[in-house]
Amino acid sequence: SSSGGIFTLVAEHVIDNNSVVFGASFDKGFTVVHSYVESKEDLEKFRGSKYVQSKIGDAYKQAELFLREGKQVLFSGTPCQVAGLKSFLQREYDNLLCIDVVCHGVPSPKVWERYISYHENRAGASVKRIAFRRKDNGWKRYSISLSFNNDTEYIETFDGDLYMRAFLKNVCLRPSCYACNFKTLHRQSDITLADFWGIQNLLPEIDDDKGTSLVFINSARGESVFEQIKDKIFYKEVDINEAVAYNLAAIESVEKNPKRDKFFEELDQLPFDELVKKYCSDGIS
C-alpha cells in the first residue's frame, strides 16, 4: 500500500465481511514471511513495500483450511505466489479473492540478511523498524529507513542505498525472475495493484507525488469488490495499454545482470558495501 491506500481499503472491506487476509509481513528477525490476520488492527503488518522474497511456509495450507470451512479469504502476494496458491488448491473457490502486485522481481533473502547485518554492525544495535518507501523527499524519490534500538536511524534515497542499488540493478534477484512466466496482463489474480509510474504524463492533475495506485480489475469477482469500495476513493479510468507503457514490469521480465553470478560468488567473501560498490558501480537507469 506504499503507492496508495487501496490494499487497506480492500482488506478492511473483506474483514468487515468475516474474511481472513493473507499477506507478507516482517517477523521479529525481519525475515519476510506470509501470515494471516483476522482484524483491521493487525492489517498494519502487511502495509508497506518489502523488497525481499517472502517465505510462504504453511500459508497455502492455512488458506485451504479456511476456504474449506467456508470462510472468505483474501490472499495477497506476488503473481507467482498467487499462481502457486491456485496450483496448490487444484480447484476454484467462490470464497477466495486474490490480489497480486506488479513485481520487479524478488531479491535473495540471504542478500537481505547480509544488508541487515551490515547496518546493525555499523549502528552497534539491532534493527527495530524498517520502511522501504519513506516519502520524505516525495514518492518518486522514495527512501529506505532503518531504525535501531539505540535510537539512531539510517535513511537514504533509493539510488544511494546499497540494497536498493543491488535490487534495481537486477544483480540479486532469484533466477526465475529473469524469465518470469507471470509477466502478463492476463493475470490469475482478481485485482492487481501497482505504482502508477508515468501518472505525471497521463493524469498530471492528480499527481501529488505522494503515490497513486494503479489498479487492474482482472475478474468479475475483482470488479464486484471494486464496485463496493469505489465510493470511498477518488479514481479515474485509464487505458491499460497507456498505463502499462510506463509500468513495463507488468509485462516484461527484468534482464539478468551479467555480473550476478560473480556477485553471489563473493557474497560471503566481501563486506557488503564493497560488494555492492564492486558490482553496482554504474548508475541506476
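The values are calculated or read from the model by the stated rules, or taken from the named source; none is laboratory data. As the structure is a prediction and not an experimental result, all values here were calculated from the model. Neighbour counts are summed over all protein chains in view; Cβ atoms, including those assigned to glycine, are modelled from backbone coordinates with ideal geometry. Heads up: the accessible areas ignore ligands, DNA and RNA and are worked out on the full protein's heavy atoms, side chains in. Shrake-Rupley method; radii C 1.70, N 1.55, O 1.52, S 1.80 Å.
Quick notes
- With all protein chains kept in place, the per residue accessible area of the chain amounts to 50 square angstrom at a probe of 1.4 angstrom.
- Around Phe264: net Lys/Arg minus Asp/Glu count, Cβ-Cβ under 14 Å: +4
- Distance (nanometres) between label positions extended 7 Å along Cα→Cβ at Tyr235 and Glu266: 4.8
- Per DSSP, loop GluC sites (Glu not before Pro) in the stretch 24-82 with at most 15 further Cβ within 10 Å: Glu38, Glu69
- Protection proxy ranking of 75-86, 196-207 - average other beta-carbon atoms within 10 Å, highest first: 75-86, 196-207
- Cα pair count fraction exceeding 26 Å, expressed as % - the stretch 95-226: 39
- Computed [θ] at 222 nm, helices only, for the chain once each DSSP H run of length n ≥ 4 contributes -39500 (n - 2.57): -8500 deg cm²/dmol
- Placing unit charges on each Cβ (+1 for Lys and Arg, -1 for Asp and Glu) gives the chain a dipole about its Cα centre, and among Tyr235, Ala220, Trp197 the Cα reaching farthest toward its positive end belongs to Trp197.
- Normalised by 2.2 N^0.38 Å, with N the number of residues, the alpha-carbon radius of gyration of the stretch 52-152 equals 1.42.
- Using 0.36 nm per residue and subtracting the Cα-Cα separation, the extra length available between Asp151 and Glu252 on full extension is 32.2 nm.
- Table column - 3J(HN,Hα) (Hz), the stretch 73-85, Karplus curve with 6.51, -1.76, 1.60, x for Gly and Pro: 10, 10, 10, 10, x, 6, x, 6, 6, 5, 4, x, 4
- Computed over the stretch 113-182, the ratio Rg/Rh where both radii use C-alpha atoms and Rh is Kirkwood: 1.04
- For Leu65, net neighbour charge (Lys/Arg +1, Asp/Glu -1) across residues whose Cβ lies under 12 Å away: 0
- Of the whole protein surface, Asp58 contributes about 90 Å² of accessible area at a 1.4 Å probe radius.
- The stretch 245-285 versus the stretch 6-52: alpha-carbon centroid distance in Å: 29
- Interchain or long-range residues, amide H under 5 Å from Gly48's placed H: Ser2
- Contour minus Cα-Cα distance for Ser224 and Ser49 (0.36 nm per residue): 60.4 nm
- Solvent-accessible area of Lys262, all protein chains in place: 110 Å² (probe radius 1.4 Å, heavy atoms, ligands and nucleic acids excluded).
- The fraction of accessible area contributed by carbon and sulfur in the stretch 1-97 is 44 percent, rounded to a whole number (1.4 Å probe; ligands and nucleic acids excluded).
- The Cβ shell under 14 Å around Glu237 holds other residues with a net charge of -2, Lys and Arg each +1, Asp and Glu each -1.
- Shape call, the stretch 6-103: gyration tensor on alpha carbons, a/c limit 1.5: oblate
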